[in-house]
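The values are calculated or read from the model by the stated rules, or taken from the named source; none is laboratory data. Just so you know, these numbers come straight off a predicted model, no measurement behind them. For neighbour counting, all protein chains shown are included, and Cβ atoms are generated from backbone atoms with ideal geometry for every residue, glycine included. Areas reflect the complete protein model, heavy atoms only, side chains present, ligands, DNA and RNA absent. Shrake-Rupley method; radii C 1.70, N 1.55, O 1.52, S 1.80 Å.
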Amino acid sequence: MGMASKSIKTLLVAVFSIFLLLFSANSFASDAPVGGAEKHEASSFDPAKLIMEHIMDAHEFHFATIGEKHISIPLPVILYSPERGLTMFNYSKFNHGHDVYQGYKSAEGHIIAVNEVGEHDTTITVYDMSLTRNVIQMFIALILLCLLMIGVANKYKRNGAKVAPSGFQNAVEPVITFVRDEVGKPNLGHAYEKFMPYLLTVFFFILINNLMGLIPGSANVTGNIAFTIVLGVISFFVILFSTNRHFWAHIFNPPVPGFVKPILVPVEFLGIFTKPFALIVRLFANMVAGHIVITCFVMLIFIFGAMSKVAGWGFAPVSMAFTIFIYFIEILVAFIQAFIFTNLTAVFIGQSMEGAHHDEAHH
Amino acid sequence: MELLNPGVGLLVWTLLAFLVVFFLLKSFAWKPILASLKERETGIADAIASADKVKAEMAALKNENEAMMARAREERAVMIKEAKETADKMVSDAKDKAKSEYDRIVAEAQSAIMQQKNAALTDVKNQVGTLVIEVAEKVLSRELSNKGDQENYIKQLAEAVKLN
């Protein structure tokens, strides 16, 4: 009786902490101990570490570890250091982080330069240009995207415009017309045609990587800050290049009383940078959060399993139900985030060209 | 914060991949697809516009036909009326002509009769004259002895005079 009430209490604590964890995404990053699991052998099973491993980039596709054997696909490592030049080898040379190879060592997934005695050599800068699992998966996704889209385009060319679409063409066409009619035209007016290739590329670039990231065992490409930074910076430049003098006049000489200008001008100027920054963080946070939630629900089984086998098995169906539910939401989110990124980019481009419309209206 | 620390490699590879994919898809996918979609849309719009035009033309044609039919009907009525009038006129003309002919013939006949009657009367008068002269001759040539005989004789002579 005493034993049973204690395990129920532990279970409640575990569930409570997991839910707190879900509602405050920050607690993951700060490696907060997962309440219930921490009490039982934290060394053998660390969910926070596993989750981070899942969502972070890596030099190998790691599927499972059975005993001492790792089931993984090691990927090419490409390193450049101004002192040592270009180095290329396979990640398997590190023997899962145990060995030093060509003066480099893998520490917690990061490749660092080491000196003769095997200590971290901070004098040498290393640029890790490796084809990590994010890079490889992104390449696969993009090759797939190019093949699919060029295939569809060829079908259009072959059949001409008058033939009704068929097959995959039918699936792609409404998406393309959606991006054109709901994103391009309303935000960019009659200048939309110039931006369509960019908007479509961004949309499908994000979408296919979002969807590929949902395959179990795959990498979390769109939930990586580097990926979203690149897209955000490209958006930033596209927005910047489509600005006109009205846009800049509005920023540096806003139509407000003189004494407000010193406040408003920095705010407006900052706005140029906050827009793409918001794009970067939004996509990153949404995708990473989805992956964390899904892995959390799977982890729950093992957290309970660590407490008692019965609890683990018992919680498995509940956990699976939640995981499947979140998975469906994530499929939706994959589309929504691609749409939001594209739509907001179009909105910002539209804002930066806004004066032009007024101009044309006057002439 | 490991999570917020972007990897240089992924940055470079993503940028490279995006640019390659952008230019590839721009020229080989988006351009033909958007062009086809536009072509199809304008084609459909044109087809609808021309269908509307044809419909309007059909309606105009129908109206025209109806107007033409109405006009034809009117014309037919007019023609029938005219024909009837012509026919009536012809009949009345014929009647008039016949009557005038008849009048003329009658008039001619009457004048001929009158002429002949006059001629006959003239003839009778002449004959009566001659007869009177003859009778007078005979009476004169016979002696007027007997009054009775004379009267008988005149009677005899008068009887001999036959007025045709």
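Some points to look at:
Residue-by-condition table, conditions (1) in contact with a Lys or Arg (Cβ under 8 Å, 6 or more places away or on another chain); (2) polar (S, T, N, Q); (3) within 14 Å of another protein chain (Cβ to nearest Cβ):
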site: B:ASN5; (1), (2), (3): no, yes, yes
site: B:VAL20; (1), (2), (3): no, no, yes
site: B:LEU25; (1), (2), (3): no, no, yes
site: B:LEU37; (1), (2), (3): yes, no, yes
site: B:GLU41; (1), (2), (3): no, no, yes
site: B:ASP46; (1), (2), (3): no, no, yes
site: B:ASP52; (1), (2), (3): no, no, no
site: B:ALA112; (1), (2), (3): no, no, no
site: B:ALA119; (1), (2), (3): no, no, no
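- Screening A:SER44 with (1) closer than 29 Å to A:VAL298 by Cα; (2) hydroxyl-bearing (Ser, Thr, Tyr); (3) modelled with pLDDT of 80 or more gives one miss only, at (3).
- Being over 20 Å from B:LEU3 (Cα atoms), at pLDDT below 95, under 28 Å from the mean Cα position of the chain (by Cα) and in the same structural domain as A:MET149 (by TED's automatic domain parsing) is a property that does not hold for A:ILE225.
- Index of the failed condition, A:ILE234 passing every other in (1) more than 13 Å from A:ALA346 (Cα to Cα); (2) assigned to a helix (DSSP H, G or I): (1)
- In the range A:236-259, the count of residues that are within 10 Å of another protein chain (Cβ to nearest Cβ), open to solvent by less than 40 Å² (accessible area, probe 1.4 Å) and at pLDDT 90 or above is zero.
- For the range B:7-17, a tally of residues being over 10 Å from A:PHE227 (Cα atoms) and either at the interface with chain A (Cβ under 7 Å from one of its Cβ atoms) or touching a helix residue (DSSP H, G or I) at 6+ places or on another chain (Cβ under 8 Å) (or both) returns 3.
- Count of the range A:164-191 residues which are touching a Lys or Arg at 6+ places or on another chain (Cβ under 9 Å), open to solvent by less than 70 Å² (accessible area, probe 1.4 Å) and more than 21 Å from B:PHE18 (Cβ to Cβ): 4
- Selection over the range A:128-144 of residues that are facing chain B (nearest Cβ under 7 Å) and not in a helix (DSSP H, G or I) gives a count of 4.
- Among the residues of the range A:145-196, those identified as at the interface with chain B (Cβ under 7 Å from one of its Cβ atoms) and not in a helix (DSSP H, G or I) are A:ALA161, A:LYS162.
- B:GLY129 within 14 Å of another protein chain (Cβ to nearest Cβ), surrounded by 10 or more Cβ atoms within 10 Å (Cβ to Cβ) and among the small types (Gly, Ala, Ser): no
- Subset of the range A:59-77 [under 13 Å from A:ASP128 (Cα atoms) and either surrounded by fewer than 18 Cβ atoms within 10 Å (Cβ to Cβ) or of a type in the set (Phe, Trp, Tyr) (or both)]: A:PRO76
One line per residue, one yes/no per condition, for (1) of a type in the set (S, T, N, Q); (2) in a helix (DSSP H, G or I); (3) open to solvent by less than 30 Å² (accessible area, probe 1.4 Å):
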position	(1), (2), (3)
A:PHE284	no, yes, yes
A:MET287	no, yes, yes
A:ILE292	no, yes, yes
A:THR295	yes, yes, yes
A:MET299	no, yes, yes
A:PHE302	no, yes, no
A:ALA306	no, yes, no
A:TRP313	no, yes, no
A:VAL318	no, yes, no
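- Selection within the range A:97-113 - open to solvent by 80 Å² or more (accessible area, probe 1.4 Å), outside any strand (DSSP E or B) and closer than 20 Å to B:GLU2 by Cα: A:GLU108
- Any chance A:ALA249 is under 30 Å from A:TYR327 (Cα atoms), part of a helix (DSSP H, G or I) and either touching a residue at least 24 places away in the same chain (Cβ under 8 Å) or assigned by TED's automatic domain parsing to the domain that holds A:ALA191 (or both): no
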